[in-house]
Amino acid sequence: MGIRSFVARHLADCRTRRLARRLQLDSAQADRLRAVHESLDALRRDAREGWRYQRQALVALLGADRLDRDEALRIANLPFAMINDALPHTVDRIAEFYDALSVEQRTRLRDLLGHRCCGTHQCHSA
């Protein structure tokens with residue numbers, strides 16, 4: 001694991017623990033939240049690998065005298081197919097987590113997510 005992966009994993013773990021604390025999750029709920037995090041992390045990792053393979057394969061296609069359009073389209077769609085294959089599992093993990101929350105926890109989660117913009121910064125416009 002490289003330093004970037006380590007730092008990204010550490011920051012994600014910190015965010016997960018902070019969210020668990022803010023929502024006052026019990027241990028079963030916290031486990032479900034970790035499952036959501038792991039599923040999203042695997043989805044990102046698989047997508048990144050798909051895009052890396054996609055670039056290599058498309059560059060290889062460009063080495064031919066004529067571009068095989070069907071193969072280029074197939075390669076171009078690979079990362080999206082990988083994501084679409086993994087999405088049901090990820091949505092299941094999210095649903096299991098959300099369904100295990102109390103009404104108060106769901107409200108708090110919506111409030112926390114609703115006050116975020118760009119995924120990382122608090123909105124400052126009012």
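The values are calculated or read from the model by the stated rules, or taken from the named source; none is laboratory data. Given the structure is predicted, the values throughout are model-derived calculations rather than measurements. Note that each Cβ is placed from the backbone with ideal geometry, even for glycine, and that neighbours are counted across all protein chains shown.
A few points about this structure:
- Pick from segment 92-102, criterion of a type in the set (D, E, K, R) and under 13 Å from LEU33 (Cβ atoms), ranking: farthest from the chain's Cα centre (by Cα): ASP99
- The lone exception for ALA100 - which of (1) touching a residue at least 60 places away in the same chain (Cβ under 8 Å); (2) more than 23 Å from ASP31 (Cα to Cα) it fails: (2)
- A single member of ALA76, ALA57, ALA86 is within 16 Å of the chain's Cα centre (by Cα) and at negative phi, and it is ALA86.
- Top-ranked residue in segment 8-42 [being more than 23 Å from ILE83 (Cα to Cα) and hydrophobic (A, V, I, L, M, F, W, C); ranked as modelled with the lowest pLDDT]: LEU11
- Checking each residue in segment 92-106 for being surrounded by 12 or more Cβ atoms within 10 Å (Cβ to Cβ) and of a type in the set (Val, Ile, Thr) picks out only ILE94.
- The condition of being under 20 Å from ASN84 (Cβ atoms) and of a type in the set (D, E, K, R) holds for ARG45.
- Residue selection: ALA47 fails the criterion of being at pLDDT 90 or above and in a helix (DSSP H, G or I).
- The number of residues in segment 16-40 being under 25 Å from PRO79 (Cβ atoms) and either loosely packed, with under 14 Cβ neighbours inside 10 Å or in contact (Cβ under 8 Å) with a residue 60 or more places away in the chain (or both) comes to 2.
- Options LEU87, LEU73, LEU62; residue that is touching a residue at least 40 places away in the same chain (Cβ under 8 Å), loosely packed, with under 14 Cβ neighbours inside 10 Å and over 21 Å from ARG9 (Cβ atoms): LEU87
- Within segment 49-91, the set of residues being of a type in the set (Phe, Trp, Tyr) and more than 30 Å from LEU33 (Cα to Cα) comprises TYR53 only.
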